[in-house]
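So that we are looking at the same thing, I have put the structure below in structure tokens.
Values quoted throughout were computed directly from the atomic coordinates according to the rules given, and no laboratory measurement underlies them. Note that the structure is predicted; figures quoted are calculated from it, not measured. Ideal geometry is used to build each Cβ from the backbone, glycine not excepted, and the neighbour counts take in all protein chains shown.
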């Protein structure tokens, strides 16, 4: 006689988790205060953070399109090409992927990788590792410009060095995982070499110089608006939730104002403060909210920086570390699955996430120690 097994309905665990999280917050803050704080925080983030980030996206998008239109991207690609094989074990053309993702966002590497002439230069294991390689530079220009806008000028570039080294670790580690799981990928070509164009002639442009500049600025700015709109859900949802878990009550207690919270993350971070201080040099437990948010969206993570600066919780070292880990991770948990799926290698998502987690931590550690060396001089 078969035993009947009780199967818990699928929605029950999700419902219990939601009740536990918001129940805890509601008990601490009070239900009316919790709801008011959520709405007011999201509203303030939309007005004072999202639109600021969107303006940066528009400017950097226009600048990036100018670089593409007038050959600066190709020039940078040629300069970086000699570094690709010894550092990343990738063909020289992969440097173009680093440039376009630095100027835009992670998924730009996928649209580039789907070009047959580009893909023909890669072995399969190298081709798959482009997901990790491109992600490490995603929104790099936006992150650096934002940090400079907060009054830090050297630290973001120290973070860029850390992100670069983290990218080497992540890309190489991913290649190792792929070859170990699928040894034949080490020699298999992505596309037949005969499809590689030997000399790609540029189309002659009949437009005048003024029209080319105008079109590049407007098209690039429009793409910046698209990126700015795309980060709204991440900033409003993730940042609001993280801030409620990060900040504490007002001096007079909970009032339902924006940026109040239960201060749970700092309390948990205090338990491991010795580890975060040793690895990253964080002097305040609140800063751990940045890398946690960067797992899902680096645009959302940037939104916490102005408040941290205003509260005095962040210093030059933390800016360097946050730049490194924010740029290297670039919200990879929300993009890696879709990126690998579009390349046709969804089964390797877990390996890509593991490799990039390690790469981001390495990036942060390297940025911390480089900053310490910089501080000595």
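On full extension of the chain, what length is gained from residue 349 through residue 311, given 0.36 nm per residue of separation minus the C-alpha to C-alpha distance?
Full extension from residue 349 to residue 311 adds 9.9 nm.
On to the next question. Could you state the number of Å between the C-alpha centres of the range 245-266 and the range 309-341?
23 Å
How far apart, in nm, are two points set 7 Å out from the Cα along the Cα-to-Cβ line at residue 372 and at residue 19?
Between residue 372 and residue 19, the label points sit 4.8 nm apart.
In angstroms, what radius of gyration and Dmax does the range 330-377 have, counting Cα atoms only?
15.3, 49
Want the number for residue 255 to residue 80: 0.36 nm per residue separation, take away the alpha-carbon distance, what's left? Spell out each step's value before the answer.
Working: separation 175, 0.36 × 175 = 63.00 nm, distance 5.36 nm.
Taking 0.36 nm per residue and subtracting the Cα distance, the gain is 57.6 nm.
Now for a separate question. Using r as the Cβ-Cβ distance of residue 28 and residue 180, and R0 as 45 Å, what FRET efficiency do you calculate, to the nearest 0.05?
On the way: r = 47 Å, r/R0 = 1.04.
Efficiency, rounded to the nearest 0.05: 0.45.
Still on this structure, please answer the following. At 10 °C and a viscosity of 1.306 mPa s, what translational diffusion coefficient does Stokes-Einstein give for the chain, taking Rh as the Kirkwood radius over Cα pairs? Give it in µm²/s as a whole number.
Details: Rh = 22.2 Å.
My calculation gives 72 µm²/s for D.
When the distances between all Cα atoms of the range 241-377 are binned every 5 Å from zero, what whole-number percent does each bin get?
Cα pair-distance distribution for the range 241-377, in percent: 2, 10, 17, 20, 19, 13, 9, 6, 3, 1, 0, 0.
Order 99-105, 237-243 from most to least packed using the mean count of other Cβ atoms within 10 Å.
Details: 99-105: 25.0, 237-243: 22.0.
So the peptides 99-105, 237-243, ranked by packing, come out 99-105, 237-243.
Using helices alone, I'd like the mean residue ellipticity at 222 nm for the chain: each DSSP H run of four-plus residues gives -39500 (n - 2.57), total over residue count, nearest 500.
Working: 21 runs with 246 residues, N = 377.
Mean residue ellipticity at 222 nm (helix-derived): -20000 deg cm²/dmol.
Turning to a different aspect of this structure: Grab the eigenvalues of the alpha-carbon gyration tensor for the range 89-185, scale each by 5, take roots, and send me the semi-axes largest first in whole angstrom.
On the way: eigenvalues 151, 45, 15 Å².
Ellipsoid half-lengths, sorted descending, are 28, 15, 9 Å.
From the C-alpha coordinates alone, can you work out the Kirkwood hydrodynamic radius of the range 20-71, in Å? The partial results should precede the final answer.
Values: mean 1/r = 0.0725 Å⁻¹.
Evaluated on the range 20-71, it is 13.8 Å.
With a Cα-only, solvent-free Debye model of the range 221-299, what are the log10 I(q)/I(0) values at q = 0.13, 0.25, 0.27 Å⁻¹?
Each listed q corresponds, in turn, to -0.50, -1.11, -1.18.
While we're on this one: Which FRET efficiency, nearest 0.05, do residue 46 and residue 12 yield, Cβ-Cβ r, R0 30 Å? The partial results should precede the final answer.
On the way: r = 33 Å, r/R0 = 1.11.
My answer for the efficiency is 0.35.
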